[in-house]
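Student: Have a look at this one before I ask anything.
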Amino acid sequence: MKITHSVLLISLLSLSPLLSGAAPVGVCYGRVAADLPAPASVIGLLTSNGISRIRLFNPDPAALAPFSGTGIELTIGVPNEILPTLANGTVAASLDWLQSNIFSHVAPSQLRYLAVGNEVLQKDPFYTPFIVPAILNIHQALQILGLNDVVRVSSSHAATILSTSYPPSTGAFHDDVKPVLIPLLHFLRDTGSPLMVNIYPFFTYVENDHQQVTLEYATFRSAEVEMDGGLAYDNMFDSAVDAFVHAMEREGFEGIPVVVTETGWPTGGGDGGSAENAFAYNGNVVRRALGDVGTPKRPGVGVEVFLFDLFDEDAKTGTEYEKHFGIFGIHGNKAYDIRFN
């Protein structure tokens, strides 16, 4: 999950079906923790808080099956380690995988996106050659099922696939990822699917000089505006999203949506981690999505986003921050008073 660039990435799950024009907002359901609530009990927590979209990082049957018939829309990850099997197999094999691992547990109508691999290009480069072939096989399998216009297929990427991200207009992809990324962008454009990115202004803040990257700018509380040509930026999230838009346009791809498949702010763990800052950041992400605020480069086009994370994940390794992104405690109490509608 950790991102270390000036542009960092969840997105997809709508928490407010009442706001038909709003960009969808959702929550990631990470499960790297001990003593989490039973998955069946999580459904009540979601519905009582108006959360109608969830991202699961893998199709674990124990976590997936309780969502059946709930009406909650799902974005499901295809694990990195599965990519070689799907890429090297037949379309029929991908069809069997979908049927066995997903559609045997939930109806196709509940599936919104398949995220084929997570941060492969930077985190698991061994799997890089398998991303696009796996996506193509899965897409063809969905065509056979008549679901290719219902379920969109993409792959979720770390913000570090950008070689340049600030100012946003200089956004560009690393040369070494282009051999995979360009074919992927062709597929996304042809199928009307989004580029999925994981954006974490928090990590940019903690890993840089605080005079250059201020807490206020990272949490939507800055009174200062930074100009990039004729566009004005008062927060890092917008800058990050627009850097990806510019990077795609630099390669000749205009109009591809950006879905933020992960973003969030920790409530603890050290410098900058607090409930107050998490509320400021996540609360503004939700408010702006539901209000279709958009970004300076795409005003009025709300950014579809997933907040990370539903619960703290105390079994995670790495920095202490990684364990404190939860919006809810294990007993269902909110860490701060965020509203999803």
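The values are calculated or read from the model by the stated rules, or taken from the named source; none is laboratory data. What you see is a predicted model, and the numbers here were worked out from it, not measured in a lab. Ideal geometry is used to build each Cβ from the backbone, glycine not excepted, and the neighbour counts take in all protein chains shown. Areas reflect the complete protein model, heavy atoms only, side chains present, ligands, DNA and RNA absent. Shrake-Rupley method; radii C 1.70, N 1.55, O 1.52, S 1.80 Å.
Student: Mind ranking 176, 96 by accessible surface for me, highest first, 1.4 Å probe?
Tutor: Sorted descending by solvent-accessible area, the residues read 176, 96.
Student: Another question, if that's okay. Could you put 130, 187 in order of accessible surface area, largest first, with the 1.4 Å probe and the full protein assembly present?
Tutor: Putting 130, 187 in descending order of accessible area: 130, 187.
Student: Would you list which aspartates and glutamates come within 19 Å of residue 178, measuring only between C-alpha atoms, while excluding same-chain residues fewer than 8 positions from it?
Tutor: 119, 124, 190, 242, 249, 251, 254
Student: By DSSP, what percent of the beta bridges with both residues in the range 60-173 are antiparallel, rounded to the nearest 5?
Tutor: Taking every DSSP beta bridge within the range 60-173, about 20 percent pair in antiparallel fashion.
Student: So what is the 222 nm mean residue ellipticity for the chain from helices alone, if each DSSP H run of at least 4 adds -39500 (n - 2.57) and you divide by all residues, rounding to the nearest 500 deg cm²/dmol?
Tutor: -8500 deg cm²/dmol
Student: Aspartates and glutamates within cross-link reach of residue 323: Cα-Cα under 18 Å, excluding same-chain residues under 8 positions apart?
Tutor: Straight-line reach from residue 323, under 18 Å: 35, 207, 262, 271, 276, 309, 312, 313, 314.
Student: Give me the percent of DSSP beta bridges within the chain that run antiparallel, rounded to the nearest 5.
Tutor: Beta bridges within the chain, antiparallel portion: roughly 20 percent.
Student: Going by average Cβ density within 10 Å per residue, which order do the peptides 159-166, 98-105, 224-231 take, highest to lowest?
Tutor: 159-166, 98-105, 224-231
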